[in-house]
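Below is one structure, written out as structure tokens; comments come after it.
No value in this document is a laboratory result; all are computed from the given coordinates. Owing to the predicted nature of the structure, the values given are computational and were not obtained by experimental measurement. Every residue, glycine as well, gets a Cβ built from its backbone with ideal geometry; the counts of neighbours run over all protein chains shown.
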Amino acid sequence: MKMMLKQIVVLSLFLGIFVNIAFAKGDIRKEEVSYSDNGVTLKGMVVYDADIEGERPAIVVVPEWWGNNEYARMRATMLAELGYIAIAADMYGDGKIANDPKEAMAYSDPFYKDPSLGKSRIEAAIRKVLEYPEADPDNVAAIGYCFGGSMVLNAAKMGTPLKGVVSFHGGLKIAPAAKGSVTGKILVCHGAADKFVSEEDVKEFRGNLDEAGVDYKFIVYPNATHAFTNPDATASGKKFKLPIEYNAAADKKSWADMKSFFEGLF
């Protein structure tokens with residue numbers, strides 16, 4: 001009898017823990033959305049916790065150069081679990097996903113040649129997410145990964161009204177900031193072993209932000225390569241012979257740094 005009671009107690013504790021975990025994330029809604037920018041149809045996903053009442057900060061998630069894939073959507077979901085409303089943004093149109101680096105380069109190259117294109121696509125995503133009554137129009141931010149990191153940095157430097165942006169292993173070139181052009185704060189999460197970003201790139205980027213009087217924080221993660229936050233990076237690096245790999249420690253730390261950044265921002 002004592003053994004049976006002990007088993008019942010253990011089972012009850014286990015079930016209690018399971019129930020708490022199951023309901024801790026709330027009622028997460030994932031909604032496929034279509035919107036447009038200059039005649040181009042864009043297909044994104046808006047994610048929010050329906051258990052939370054009222055407005056909450058809105059965050060645009062700009063994906064890697066592969067396109068608006070499951071990784072970008074996972075990050076949008078993680079933001080919703082933190083209490084935000086997020087939109088995983090489609091930058092290329094029609095939800096296009098690149099199958100290899102050649103396609104990814106073809107899709108992303110126009111954005112590097114014309115930074116205003118990325119700015120326009122991000123602003124289209126902002127307009128879409130702000131259609132939701134859950135979104136607070138006074139508290140809008142953006143995060144981006146690799147290509148997406150470059151895009152959110154450029155949008156901020158070109159005057160998109162964002163309270164803050166976070167770049168994870170993003171490129172640091174393209175559009176320079178001018179005095180007064182950046183309206184919000186910037187957090188850069190950079191891998192120390194990123195072979196796609198040179199020390200000269202870092203020096204020029206930081207020098208430009210310093211000269212423009214931008215409020216920013218630049219964090220470097222030891223031994224982290226390009227794409228260090230993506231669990232699929234190691235396999236992709238081997239498949240396509242790219243110097244990228246997943247770094248769990250840097251992923252966890254950079255996400256925590258983003259959370260602290262947003263807590264201070266909002």
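One residue is enough: does the stretch 164-178 have a residue meeting the conditions more than 20 Å from residue 253 (Cα to Cα), β-branched (Val, Ile, Thr) and touching a strand residue (DSSP E or B) at 6+ places or on another chain (Cβ under 8 Å)? Checking the stretch 164-178: not a single residue is more than 20 Å from residue 253 (Cα to Cα), β-branched (Val, Ile, Thr) and touching a strand residue (DSSP E or B) at 6+ places or on another chain (Cβ under 8 Å).
Just a yes or no: is a residue in the stretch 86-105 in contact with a helix residue (DSSP H, G or I) (Cβ under 6 Å, 6 or more places away or on another chain), in a loop (DSSP other than H, G, I, E, B), farther than 14 Å from residue 151 by Cα and of a type in the set (A, V, I, L, M)? For the stretch 86-105, residues in contact with a helix residue (DSSP H, G or I) (Cβ under 6 Å, 6 or more places away or on another chain), in a loop (DSSP other than H, G, I, E, B), farther than 14 Å from residue 151 by Cα and of a type in the set (A, V, I, L, M): present.
How many residues, within the stretch 132-179, are assigned to a strand (DSSP E or B) and not hydrophobic (A, V, I, L, M, F, W, C)? Residues meeting the conditions: 8.
Quick check: anything in the stretch 194-215 touching a residue at least 24 places away in the same chain (Cβ under 8 Å), surrounded by fewer than 12 Cβ atoms within 10 Å (Cβ to Cβ) and of a type in the set (Lys, Arg)? Yes, that holds for at least one residue.
For the stretch 219-235, the criterion of being among the aromatic types (Phe, Trp, Tyr), touching a Pro at 6+ places or on another chain (Cβ under 6 Å) and in contact (Cβ under 8 Å) with a residue 40 or more places away in the chain is met by none of the residues. Scan the stretch 180-217 for residues that are among the aromatic types (Phe, Trp, Tyr) and either closer than 17 Å to residue 142 by Cβ or part of a loop (DSSP other than H, G, I, E, B) (or both) and the total you get is 2. For the stretch 49-63, a residue qualifies if it is part of a strand (DSSP E or B) and either small (Gly, Ala, Ser) or on the phi > 0 side of the Ramachandran plot (or both), and exactly one does: 58. Filtering the stretch 163-179 to residues that are under 21 Å from residue 263 (Cβ atoms) and touching a residue at least 60 places away in the same chain (Cβ under 8 Å) leaves 163, 164, 166, 168.
Taken together, the criteria exclude residue 124 from residues that are part of a helix (DSSP H, G or I), surrounded by fewer than 24 Cβ atoms within 10 Å (Cβ to Cβ) and free of Cβ contacts under 8 Å to residues at least 12 places away in the same chain.
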